[in-house]
Each structure stands twice: as C-alpha cells, then as structure tokens.
Amino acid sequence: MPIEEKYKNGFLLQCYDNGHINKVYVNSILDKRLNYHYSNGKNPNAKILYLKLIEVDSIIALKIKRGQKTVFKAHKTENISNRELLHLQGYKIVYQNYDNIKYKILPNKIYEDIRRLVFNSFTVEGKSVHNNYYENEWKNN
C-alpha cells in the first residue's frame, strides 16, 4: 500500500476479523523502511478485513452481523490507542460473538448527525439497523 505525503503524520488502521483494530503511527512505519518492502506487517493470528490510512483521527463505523441480526456501532479513532508496530493485534472493539464485520471510516463532520451511535465504550453491542428510533442516523450513514 503506497503512503502518500498527506498521511505521513496520520495513522494506518488495521481492522481484523477478530474484532481488533491496530492503529499505527504512519511515521513509525516510514522510519523503519530500508530499501525493501516492510515485513511483519500484520498480526499473524487474524485476517485483515479493512486497511485504511487516515490523515487525522476520524470515526470508525462497524456493521456487525450475528445470525439474522445486523447491528451498527461507531467509535472515535482517537479513543483507540496508538501503536508503533504493525504486527500487534491492536485494541479489541467487538466483544460479542458475530458472523461478519464490515468496517468503514466516516468523516468527523457527520459526528453530530450520528452521535447517538458513536459510543465511548468498546463493549457496547451496537444498535439494530432496523431500529426506527435511529431513523435520522440511518439516513445520514
């Protein structure tokens, strides 16, 4: 994955199939480069589902499928600890059992529109995508 200049002070998010996210300083990756491709670039115990460079802390959205039920939750990436190593498993974001996870970065500018779905606690299960109480948020997401 090429790293553009605009990301040099940002972060690389490694989102895994086991519900962990590793948030790595891009500068720490660039400092380790030695005329060859970087090795040991992921955690060996999980599969990367989503890999994203971000310039600044943003909102990470998760759509989690459990059987017939699909829930949504989001977190500010500023609440995920920053790391310097790519091979770490990262921070656990999903604590419940699930069949499938989809990750997506959302811009900070929509925070006020979806703030009821942006949680401080990572142990939160999320809200059903069919819950009409969050109808306005679903339109903005």
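The values are calculated or read from the model by the stated rules, or taken from the named source; none is laboratory data. Source: prediction; values computed, not measured. Don't worry about glycine lacking a Cβ; one is built from the backbone with ideal geometry, like all the others, and counts go over all protein chains shown. When the accessible area is computed, the model is the full protein with side chains, heavy atoms only, and any ligands, DNA or RNA have been set aside. Shrake-Rupley method; radii C 1.70, N 1.55, O 1.52, S 1.80 Å.
Based on DSSP H runs of at least 4 residues, each adding -39500 (n - 2.57), what is the mean residue ellipticity at 222 nm of the chain after dividing by all its residues, to the nearest 500 deg cm²/dmol?
Numbers: 3 runs with 16 residues, N = 141.
It lands at -2500 deg cm²/dmol.
Taking the Cα centre of region 39-136 as origin and assigning +1 to Lys and Arg Cβ atoms and -1 to Asp and Glu Cβ atoms, the resulting dipole is close to 360 debye. Taking 0.36 nm per residue of separation and subtracting the current Cα-Cα distance, fully stretching the chain between I3 and I110 would add 36.0 nm.
Note on the chain: Cα Rg divided by 2.2 N^0.38 Å, N the number of residues, gives 1.09. A cut-off under 14 angstrom between Cβ atoms defines the neighbours of K47, and their net charge, with Lys, Arg +1 and Asp, Glu -1, is +1.
Per residue, the accessible area of the chain comes to 60 Å² when a 1.4 Å probe rolls over the protein heavy atoms. Take every Cα pair under 8 Å whose residues are at least 6 apart in sequence, average their separation, divide by the length of the chain, and the relative contact order is 27 percent. Counting charges near V118 (Lys, Arg +1; Asp, Glu -1) among other residues having Cβ under 9 Å from its Cβ returns a value of +4. Put simply, the amide H of I3, placed in the peptide plane, has no neighbours under 5 Å, leaving out anything fewer than 5 places away on its chain.
Modelled label positions at Q68 and L51, each set 7 Å beyond Cα in the direction of Cβ, lie 3.8 nm from each other.
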